[in-house]
Each structure stands twice: as C-alpha cells, then as structure tokens.
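Report on the structure given below.
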C-alpha cells in the first residue's frame, strides 16, 4: 500500500514539473501568438517535441535497466518500477506528438503567408 502511494506521489510530482516547464515555455509562446510570429512558434514547438522525445528515451532506458539489471537495484518490485518508467516515457511521447502537431500547424500558417 505504501509503495503504491509513493509511486502515485512520484508520478504526480513528475507531471507537475513537466507541466510547469511547459507552462514556462508557453509564456513566451503566448506573446509570439499575439505577434503572429509563426516561425518562432514552429521552432519552439519543434524544439519542445525533440526535448520530450529525449526524455521519453531516458525513461525507456531506465525501464530497460530495471529489467536487464535487477541485481543493481535493491527492490523486489522491479517489474512495477519498469512499468512505471514505461508509463512516464509514453506520456512524454504523447507530449512530443502534441508539440510536433503544433509545430506543423504553425509551419502550415507560414506556408499560407500568415505572420509577420
């Protein structure tokens, strides 16, 4: 029971940090939207997508480390820890896909001649 509570707390903290980081990035993006600066917005979102992909890869690697080297970790819950890491990785991949879609949207606006 306590392990499950700690796991949920860890997930909550990680997502809070990810959302806070995304929010900080979005503050500058909001100003760019008002200026219609789709070029910079497309780049910001593409950069963010790449960052999220890298974080997803990190968490996939963590899961593999748990699965392939359980002797290193002092835990009887290796499968749960690996599954948790894969869940975090999947969430980062989803955020990367969303950021890439936003980048594509702004690239399409540039092609249509919108923006400064």
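Annotation: of all residues in segment 63-91 being part of a helix (DSSP H, G or I), farther than 30 Å from residue 108 by Cβ and in contact (Cβ under 8 Å) with a residue 24 or more places away in the chain, the one that is farthest from the chain's Cα centre (by Cα) is 80. I'd like to know if segment 94-101 contains one or more residues that are in contact with a helix residue (DSSP H, G or I) (Cβ under 6 Å, 6 or more places away or on another chain) and without any contact (Cβ under 8 Å) to a residue 12 or more places away in the chain. There is no residue in segment 94-101 that is in contact with a helix residue (DSSP H, G or I) (Cβ under 6 Å, 6 or more places away or on another chain) and without any contact (Cβ under 8 Å) to a residue 12 or more places away in the chain.
So which residues in segment 102-116 are touching a helix residue (DSSP H, G or I) at 6+ places or on another chain (Cβ under 6 Å) and at negative phi, if there are any at all? Scanning segment 102-116 gives 102, 103, 106, 107, 109, 110. Here residue 114 clears all of (1) modelled with pLDDT under 95; (2) surrounded by fewer than 18 Cβ atoms within 10 Å (Cβ to Cβ); (3) in a helix (DSSP H, G or I) except the condition numbered (3).
The values are calculated or read from the model by the stated rules, or taken from the named source; none is laboratory data. Computed from a predicted structure; not experimentally measured. With ideal geometry, Cβ positions are generated from the backbone for all residues, glycine too; neighbour counts draw on all protein chains shown.
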